[in-house]
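Worksheet for the structure shown next.
The values are calculated or read from the model by the stated rules, or taken from the named source; none is laboratory data. No experiment lies behind these values; they were computed from the predicted model shown. Every residue, glycine among them, receives a Cβ derived from its backbone with ideal geometry; neighbour counts consider all protein chains shown.
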Amino acid sequence: MTETVDLSGAGEELKPLMEHVPTAPIAPAHGIAALALTMAMKYHDINTVQDGLLYQQYKLEGRNMRDLNLDTVFETAIRIEMHLLGSSERIAKLVVDAIAVGMEEDMQQKTEDGA
């Protein structure tokens, strides 16, 4: 499955390079890092006040509003990335545990049948 890239906003000097992007291979680590950063940006975008009047109202009411900076977004992205990278280990552990339980049940079945 190939995706198309909108080149309308790209500069003329980047267009020859951008045409190769849909078919260029991407390492899984880069894909996970990009996905984590995108998720972190969306998460922090949801937690911000987009309307200027609402922001002023919150400010006048004295509501605690955290400052949002790049460090916060990157820290969230790193946490999401670590979760995504650790998922294969968690799934492997579940599979190994399920196999071990199955083997124990088979051993118990064999001992009960043999006794």
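For the reader, a short list of remarks on this structure follows.
- When LEU84 is tested against the conditions (1) at pLDDT below 85; (2) under 19 Å from ALA29 (Cβ atoms); (3) in contact with a helix residue (DSSP H, G or I) (Cβ under 6 Å, 6 or more places away or on another chain), the lone failure is (1).
- Of all residue pairs spaced 6 or more apart or on separate chains, those with beta-carbon atoms under 9 Å, a first member in segment 21-44 that is surrounded by 12 or more Cβ atoms within 10 Å (Cβ to Cβ) and at pLDDT 90 or above and a second member that is of a type in the set (Phe, Trp, Tyr) and in a helix (DSSP H, G or I) are LEU37/PHE74; ALA40/PHE74.
- Scan of segment 20-44 for residues that are of a type outside the set (A, V, I, L, M, F, W, C) and more than 15 Å from the chain's Cα centre (by Cα), ordered by number: HIS20, PRO22, THR23, PRO25
- Those residues of segment 55-74 which are assigned to a helix (DSSP H, G or I), loosely packed, with under 11 Cβ neighbours inside 10 Å and under 30 Å from the mean Cα position of the chain (by Cα), in sequence order: LEU70, ASP71
- The number of residues in segment 96-113 that are exposed (fewer than 10 other Cβ atoms within 10 Å of the Cβ) and modelled with pLDDT of 85 or more comes to 0.
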